[in-house]
Each structure stands twice: as C-alpha cells, then as structure tokens.
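Written below as structure tokens is the structure these notes are about.
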Amino acid sequence: MPKYKLIYFDGRGRAELARWLFAYGGIPFVDERIDFNDWPKHKANYPTGQLPVLMIDDQLLTEPIAIARYIAKEVDLLPKDNLEAAFCDALVDNSVQVKNGWVRLG
Ligand SMILES: N[C@@H](CCC(=O)N[C@@H](CS)C(=O)NCC(=O)O)C(=O)O
C-alpha cells in the first residue's frame, strides 16, 4: 500500500471527505495541517497554490474531488458498472455545485 499524506489547513473544509474515505477504508494516512497564518510561506510550494493536496508516496495529487474520487476507488466504493459510476459522479458534481452556491452566499 502506498504511503498517504493529506495536507490541508486545520479544519474540515475541502479535506474532510478524503479523511472520511480513509477512515471508511481503514487506510492509515498522515493528516498534516498547516496553520493558515503560515500559509504565505508554503503557498508557492504547491502546484495550484491551494490545498488540499494528497501525497501518494512521492506523487502529488491536487483538487479535493479528484482526491476523494481516487480514495473512493482505492476503498472499492465505486460501482464497476460505468453507468452506475456515472450516476455517482453526477450526484457528486451536483452536490459540489450546491456547495459552491452556498459558499458564494456565505
Ligand atoms: N480548486 C479547489 C479549491 C481549493 C481551495 O479553494 N482551497 C482553499 C482552502 S478551502 C485554499 O487553498 N485557500 C488558500 C489560497 O487560495 O491561497 C476546488 O475547486 O475545490
């Protein structure tokens, strides 16, 4: 099994889904949290200048939903049937749109 390190700020936010999926699968991971006050020192080290990122051994994966989809596959939560999997993607994409609208209002 690869070594996983999830890097985010000290909050739930866009990393919590990944944490839940690791917990669901019983997969150990390093839950590294950066103090937001220190963020300006770190920002340039990340390809998109944003968090979360997931280190998979020495490879770096950006984008919270891509990270969640990857872990969901690793813990065998995705249907094998492509159409069933597309229904899951549609639900996730729709909930992201709802969340984005809510964040904009907040
Ligand atoms: N591209 C990501 C957004 C990631 C994001 O906005 N991360 C925030 C924390 S929740 C961040 O890194 N903020 C610090 C910054 O932009 O400098 C998505 O579409 O979900």
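The numbers here are math on the coordinates, done by the rules we state, and not lab data. The shown structure was predicted, so the numbers you read here are calculated from the model rather than taken from an experiment. Backbone-built Cβ (ideal geometry, glycine too); neighbour counts: all protein chains shown.
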Determine the gain in length on full extension of the stretch residue 12-residue 104; use 0.36 nm per residue of separation and subtract their C-alpha separation, reporting nm with one decimal. 31.3 nm
Going by amide H atoms built from the backbone, whose H comes under 5 Å of the H on residue 9, apart from near neighbours? 34
Can you compute the modelled spin-label distance between residue 96 and residue 70, with each label point 7 Å from Cα toward Cβ, in nm? 1.4 nm
Could you give the angle, 0 to 90 degrees to the nearest 10, between helix 82-105's Cα long axis and the longest principal axis of the Cα atoms of the chain? 40 degrees
Relative contact order in percent for the chain (Cα pairs under 8 Å, 6+ apart) equals 29 percent
Ratio Rg/Rh, restricted to the stretch 56-95 and using Cα atoms, in which Rh is the Kirkwood radius: 1.02
In whole Hz, what ³J(HN,Hα) sequence does the stretch 19-31 give by Karplus (6.51, -1.76, 1.60; θ = phi - 60°), x for Gly and Pro? 4, 4, 5, 4, 5, 4, x, x, 9, x, 8, 8, 9
Over all directions, the chain yields a Cα convex hull whose mean projected area in nm² is 7.6 nm²
Students often check this: by mean Cβ neighbours within 10 Å, which of 40-53, 15-28 ranks highest, and how do the rest follow? 15-28, 40-53
